[in-house]
Amino acid sequence: MSHAAQYLAELREIADRLSPEIIEELCTELVRLRERGGRLFLIGVGGSAANCGHAVNDFRKLCGIEAYAPTDNVSELSARVNDEGWHTVFSEWLKVSRLNAKDALFVLSVGGGNAARNVSPNIVAAVDEAKARGTRVLGIVGRDGGYTKERGDVVVVIPTVEETRVTPHAEAFQAVIWHCLVSHPSLQTKATKW
């Protein structure tokens with residue numbers, strides 16, 4: 001089997017193993033967020049950070065949800081890394097944004113963070129900050145979901161079907177799931193152009 005055929009077979013298996021019920025729960029959370037006038041803060045690193053920026057656009061434009069991604073402001077992000085360290089870039093940004101119980105934190109991550117192994121400590125700190133403020137924690141993560149799955153309220157875990165491709169599959173399915181959400185008839189308020 002060619003690499004492309006194998007990769008596509010893995011995508012089909014992941015899609016078949018995803019829980020539509022958990023995705024519907026995410027949609028319900030986002031509808032409630034909009035109804036209570038809360039804001040949506042999306043965090044992620046690497047490719048997941050890029051996905052956050054795209055998702056912010058879709059949630060704002062298509063769903064009428066006030067949404068932000070700290071990674072979209074590279075000046076503040078890099079200043080915080082330089083002055084305070086990588087581990088607090090998201091939690092400190094959320095403090096300045098006055099994160100509260102009306103809001104939601106939405107984590108897009110391959111591993112979901114791991115405090116013991118010091119993996120994505122900025123995600124771990126942001127989840128802790130959100131929980132301390134009574135903020136709902138949502139997520140789309142890969143592997144076992146890590147800290148986000150452990151502490152989050154509604155978290156989709158992308159099934160692992162091939163260990164060597166956890167990252168590309170997790171990041172690809174982040175996009176699949178958030179596009180499912182922003183096109184959901186309960187959530188979408190504006191049609192797409194095409």
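Data for the structure
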item	result
Cleavage-rule hits (trypsin sites (Lys or Arg not before Pro)) in the range 44-112: DSSP loop, at most 10 neighbouring Cβ within 10 angstrom	Arg98
Ranked list, fewest to most other Cβ atoms within 10 Å of each Cβ, for Val176, Val155	Val176, Val155
Straight-distance crosslink candidates among aspartates and glutamates, where the alpha carbon sits under 14 Å from Lys149 and sequence neighbours closer than 8 are dropped	Asp128
Charged-residue dipole, Cβ positions (Lys, Arg, Asp, Glu), the chain about Cα centre, Debye nearest 20	560 debye
For the chain, built as a Gaussian network whose Cα springs stay under 10 Å, the top-fluctuating residue of Ile140, Ile123, Ile22	Ile22
Difference of contour (0.36 nm per residue) and Cα-Cα distance, Lys102 to Ile22	26.7 nm
Separation in nanometres of the label points that stand 7 Å from Cα toward Cβ, at Asn73 and Thr160	3.6 nm
Inter-probe distance in nm under a simple model that places probes 7 Å from Cα toward Cβ, at His3 and Arg117	2.5 nm
Rg(Cα)/(2.2 N^0.38 Å) for the chain, N = residue count	0.99
Value of relative contact order over the range 3-182, rounded to a whole percent, pairs C-alpha under 8 Å and six or more apart	24 percent
DSSP bridge orientation in the chain - percent antiparallel, rounded to nearest 5	5 percent
For Leu42, residues with placed amide H under 5 Å, excluding near neighbours	Tyr68, Ala69, Phe106
For the range 3-182, with +1 on Lys and Arg beta carbons and -1 on Asp and Glu, the positive-most of Val56, Leu33, Ile14 along the dipole	Leu33
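Every number in this text was worked out from the coordinates using simple rules, so none of it is lab data. Quantities reported herein were computed from a predicted structural model and do not represent experimental measurements. Because the Cβ atoms are built from the backbone with ideal geometry, glycine has one as well, and the counts that use them run over all protein chains shown.
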